[in-house]
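Notes for the one structure printed next.
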Amino acid sequence: MSQDTKDADLVFYTNSQSRGNIVHWMLEEIGRPYTLRVLDFTTTMKETDYLTINPMGKVPAIKHGGTVVTEAAAICAYLADAFPEAGLAPEPRHRGDYYRWLFFTAGCLEPAISNHSIGWDPSPDMEMRFGYGSYARVLDTLSAWLEGRTYVAGDRFTAADVLLASHLQWGMMTGLIEKRPVFQTYSERHVHRPAAKRADEQAEKLTAQQAWKAA
């Protein structure tokens, strides 16, 4: 339910060809009106106005009232807590698994994929220097956890599923994550949710608009 209104207190900074698509899905899940600010990688993302929001000059970022949050995993966790009525944070008894896999996705899965994508993986004698150990170990650990599970934490869909399913879908689509049956089964259960579809449709329109402007 994207809505660009002057009185909206939730502002979303993104680019449709970025990790912002993870947060876009999350925002559609919470069902709260938000103002969309689309930035260009080489111009508006590096200008002073945006650098006051995120000095890294990267998206996604959100501004909720006077609070600024960057990094996709942090934004997902924040939105789940800021809008509890959406039910995207689990019951307290499942919070351990929830936080574990939120941080595993951000701290192990993503850097392992990034390094692997450029043809570099830690040698066995260097694995101890990296929090994720090795690309293979990350995928094996995740596979073992997801086997037989519908949700990554507890018995219902949460922000951790938004983050993990997004990474798995993208990784398998680009060939950076092995198309293991357990990954495919898990991600397919979630990436076709109505909120995910709405975010995808909006991202496609934004991509088309950006291409038209660049032409």
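The values are calculated or read from the model by the stated rules, or taken from the named source; none is laboratory data. What you see is a predicted model, and the numbers here were worked out from it, not measured in a lab. Quick reminder, even Gly has a Cβ in these numbers, built from the backbone with ideal geometry, and neighbours come from all protein chains shown.
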Being at pLDDT below 95 and out of contact with any strand residue (DSSP E or B) (no Cβ under 6 Å at 6 or more places or on another chain) narrows Gly96, Gly107, Gly66 down to just Gly66
Original post:
Does at least one position in the range 12-34 carry a residue that is in contact with a strand residue (DSSP E or B) (Cβ under 7 Å, 6 or more places away or on another chain), among the basic types (Lys, Arg) and assigned to a strand (DSSP E or B)?
Top reply: no
Being in contact with a Leu (Cβ under 7 Å, 6 or more places away or on another chain), buried (at least 20 other Cβ atoms within 10 Å of the Cβ) and not acidic (Asp, Glu) narrows Ala80, Ala89, Ala61 down to just Ala80
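Limited to the range 48-73, what total is found for residues that are in a helix (DSSP H, G or I) and either touching a residue at least 24 places away in the same chain (Cβ under 8 Å) or charged (D, E, K, R) (or both)?
Initially, the range 48-73 is screened for residues in a helix (DSSP H, G or I), giving 48-51, 72-73.
Adding the requirement that they be either touching a residue at least 24 places away in the same chain (Cβ under 8 Å) or charged (D, E, K, R) (or both) leaves 49-50, 72-73.
Result for the range 48-73: 4.
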When the range 111-135 is checked residue by residue, the ones that are outside any loop (DSSP other than H, G, I, E, B) and either under 18 Å from Leu164 (Cβ atoms) or among the hydroxyl-bearing types (Ser, Thr, Tyr) (or both) are Pro111, Ala112, Ile113, Ser114, His116, Ser117, Tyr135
Wholly inside the range 149-215, helices (runs of 4 or more DSSP H) that include 3 or more residues that are in contact with a helix residue (DSSP H, G or I) (Cβ under 8 Å, 6 or more places away or on another chain) and over 25 Å from Phe12 (Cβ atoms) are 181-190
Scanning the range 171-185 residue by residue, those in contact with a Ser or Thr (Cβ under 8 Å, 6 or more places away or on another chain) and either of a type outside the set (Val, Ile, Thr) or not assigned by TED's automatic domain parsing to the domain that holds Ile113 (or both) turn out to be Met172, Leu176, Arg180, Phe183
Q.
Checking the structure you have, find out if any residue of the range 93-104 is crowded, with 17+ Cβ neighbours inside 10 Å and among the hydroxyl-bearing types (Ser, Thr, Tyr).
A. yes
